[in-house]
1. Answer yes or no as to whether I272 is open to solvent by less than 60 Å² (accessible area, probe 1.4 Å), in a loop (DSSP other than H, G, I, E, B), hydrophobic (A, V, I, L, M, F, W, C) and closer than 17 Å to L51 by Cα.
2. So is A289 closer than 24 Å to T34 by Cα, crowded, with 24+ Cβ neighbours inside 10 Å and more than 16 Å from the ligand (Cβ to nearest atom) or not?
3. Within segment 43-72, count every residue that is farther than 19 Å from C270 by Cα and of a type in the set (A, V, I, L, M).
4. Being hydrophobic (A, V, I, L, M, F, W, C), more than 24 Å from F122 (Cβ to Cβ), under 20 Å from the mean Cα position of the chain (by Cα) and open to solvent by 20 Å² or more (accessible area, probe 1.4 Å), is that true of even one residue in segment 233-247?
5. Looking only at segment 189-209, count how many residues are open to solvent by 40 Å² or more (accessible area, probe 1.4 Å) and either within 22 Å of V143 (Cβ to Cβ) or more than 14 Å from the ligand (Cβ to nearest atom) (or both).
6. List pairs: first residue in segment 46-58 and touching a residue at least 40 places away in the same chain (Cβ under 8 Å), second residue among the hydroxyl-bearing types (S, T, Y) and more than 14 Å from the ligand (Cβ to nearest atom) anywhere in the structure, Cβ distance under 6 angstrom, at least six positions apart or on different chains.
7. Go through segment 1-49 residue by residue and tally those that are of a type in the set (S, T, Y) and assigned to a strand (DSSP E or B).
8. Condition first: within 15 Å of V401 (Cα to Cα) and open to solvent by 10 Å² or more (accessible area, probe 1.4 Å). Now tell me which residues in segment 29-40 satisfy that.
Amino acid sequence: MDHFTYKNGHLHAEDVAIADIAASVGTPFYVYSTATLTRHYRLFTDALTPLPHQVCFAIKSLSNVAVLKTLGDLGAGMDVVSVGEYMRAKAAGVPGERIVFSGVGKTRAEMRVALEGGIRQFNVESEPELRALSEVATSLGLVAPITIRVNPDVDAKTHEKISTGKKGDKFGIPISRASAVYAEAASLPGLDVVGIDVHIGSQLTDLAPFEQAYLMVADLTRQLRAEGHDIRRLDLGGGLGIPYTRSNEAPPLPTDYGALIKRTVGDLGCEIEIEPGRLISGNAGLLVAGVIYLKHGEGRNFLILDAAMNDLVRPAMYGAHHDIIPVVEPVPGVEPQSFDIVGPVCESGDTFAKGRAMAPVAEGDLVAFRSAGAYGAVMASEYNTRPLIPEVLVKADQFAVIRERPTFDEILKRDTIPAWL
Ligand code: LLP
C-alpha cells in the first residue's frame, strides 16, 4: 500500500498534486511520501513485537537525510555500508548506538570514524577485517561490538546481481567455518562478540530461503553458546521483496515475515535486528518525468521522456519492471496504446519499457514511475552531463525540496583544468 492515488482525476502524493510539484521544481524529480515511509517502518516494528528488536533501515536504498530523519525520529536504526552513509545517519540525528556497519570492504579509516562517533556493531565479513578492526579498536583504546556475517549457502531465488547468500558470493564467511572464526574473534583484543549476522539477498518474494537461513542461524546460536560465546543479538539482514506490479504479484507481508522470525529464532532470548531497505522505501517514492516527444518509429511508438537511465538505472541494469502511469487519470474505457518508453541518453539500454500498454499520452504530459523510492535516486549518475534530479518530500498537504537540482555552473565547477594545460 502507498499514498500515491488519483484524486479528482489527478495523481497526488498524499494531499499534494504531483502536477503542482512539477510546476514548482520542474521535471524529472523524485517524490517521497512520509505516510508511506512511516507505515512501512511500523509494519516491521509491529511484526516483531513483542520480541526485543531494532529495525535498522538500509540507507543504501534511499539515503536522503530528510528521509533518514523521518525514520530516525520514529526510532529506526540505520544499516550503513560506508563512512558516507554513517555520516548521513549522524546528520539525521540517529545516535551511534542505533547504527550497524555492514559491507565487505570497510577500511581502517572508516572503522576509526565509526568507533569514535559511536556504533551499535560492526557486521564483520572476513578474518582480515576482524584483525584490522581489532588493531584499530585497540589503538584507540576502544572496544568494537561485532557480529560475524555468515554465508549460509542458500538460494534466495532472486536476480543473480542481488543474491548474496550463496557459496561463491563475496559476502560473509562460510557458515561451516563459523566456529573457528568466532574462536579467533574471541581471542583478539578490542572486540566484543555480540551476535550473528546474515543477509541472503534482496527482492525475495518467497519466505522459504529466509526460513532455511534463519534455522541455520538458530542452530549456530546454540552451537556458539555451547562453545562459550555470549550470543545475544541476531541481525537477520534485509531483503523482503515488494510488489512492482499492481496486478499479479503478492510477495509475503511483513507480518508473515515477523511470524517466521518468531518461529525460527524467537525462543533464543536474543535481541533481533533486521535491515530492510526496499520494503520501507520502495513504494514510498515515485519518479516523475515529462514527455518530450512522441515519436512514431518502424511499427513502434516511442515515448521519449526527460528522465533517463542515469536517473533510474534499475530497468537497464536488472531488466527491472516499474509501472509507469499518467499523472492525469485516464478516462475509464480508453483504449491503451503500446509504447516503448525511453530516455534521451545515447544508448539503446536507455529503455524503461518495451511494448508497454498505456493510456495515450501526449507531448508535455507527465508520467510517474511507481515503486521508485528504493535504489532510484541513490543509484543515479550524471551520465551525459544530466544533472542529478531533485528529491521532494511530501507530508500531508506540504511538500519541500530535500535535494536541489544542481546548476550547470555547479557541475562544471567540479572539473578543474591543470595549470599546465
Ligand atoms: N542489508 C545488507 C547487508 C544488504 O546488502 C542489503 C541490500 C540490505 C540489507 C537491504 O536489502 P533490501 O531490504 O533493500 O532488499 N540495487 C539493487 C538492490 C541491491 C541490494 C543490495 N543490498 C536493486 O535495485 O534491486
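1. Working: open to solvent by less than 60 Å² (accessible area, probe 1.4 Å): yes; in a loop (DSSP other than H, G, I, E, B): no; hydrophobic (A, V, I, L, M, F, W, C): yes; closer than 17 Å to L51 by Cα: yes.
Spelling it out, it is not the case that I272 is open to solvent by less than 60 Å² (accessible area, probe 1.4 Å), in a loop (DSSP other than H, G, I, E, B), hydrophobic (A, V, I, L, M, F, W, C) and closer than 17 Å to L51 by Cα.
2. Numbers: closer than 24 Å to T34 by Cα: yes; crowded, with 24+ Cβ neighbours inside 10 Å: yes; more than 16 Å from the ligand (Cβ to nearest atom): yes.
When the stated conditions are applied, A289 passes them.
3. Of segment 43-72, the ones farther than 19 Å from C270 by Cα are 43, 57-72.
This time we only want the ones that are of a type in the set (A, V, I, L, M), so: 43, 58-59, 62, 65-68, 71.
Total meeting the criteria: 9.
4. Of the residues in segment 233-247, the ones hydrophobic (A, V, I, L, M, F, W, C) are 234, 236, 240, 242.
Remaining after also requiring more than 24 Å from F122 (Cβ to Cβ): 242.
Next, from what is left, pick out any that are under 20 Å from the mean Cα position of the chain (by Cα): 242.
Cutting the leftovers down to open to solvent by 20 Å² or more (accessible area, probe 1.4 Å) gives us none.
No - not one qualifying residue is present in segment 233-247.
5. 3
6. A47/T255; V55/T45
7. Step one: filter segment 1-49 for residues of a type in the set (S, T, Y), giving 5-6, 24, 27, 30, 32-34, 36, 38, 41, 45, 49.
In the following step, the residues that additionally are assigned to a strand (DSSP E or B) were identified as 5-6, 30, 32-33.
Number of matching residues: 5.
8. Selection gives T34 alone.
The values are calculated or read from the model by the stated rules, or taken from the named source; none is laboratory data. Since this is a predicted model, take the numbers as computed values, not measurements. With ideal geometry, Cβ positions are generated from the backbone for all residues, glycine too; neighbour counts draw on all protein chains shown. When the accessible area is computed, the model is the full protein with side chains, heavy atoms only, and any ligands, DNA or RNA have been set aside. Shrake-Rupley method; radii C 1.70, N 1.55, O 1.52, S 1.80 Å.
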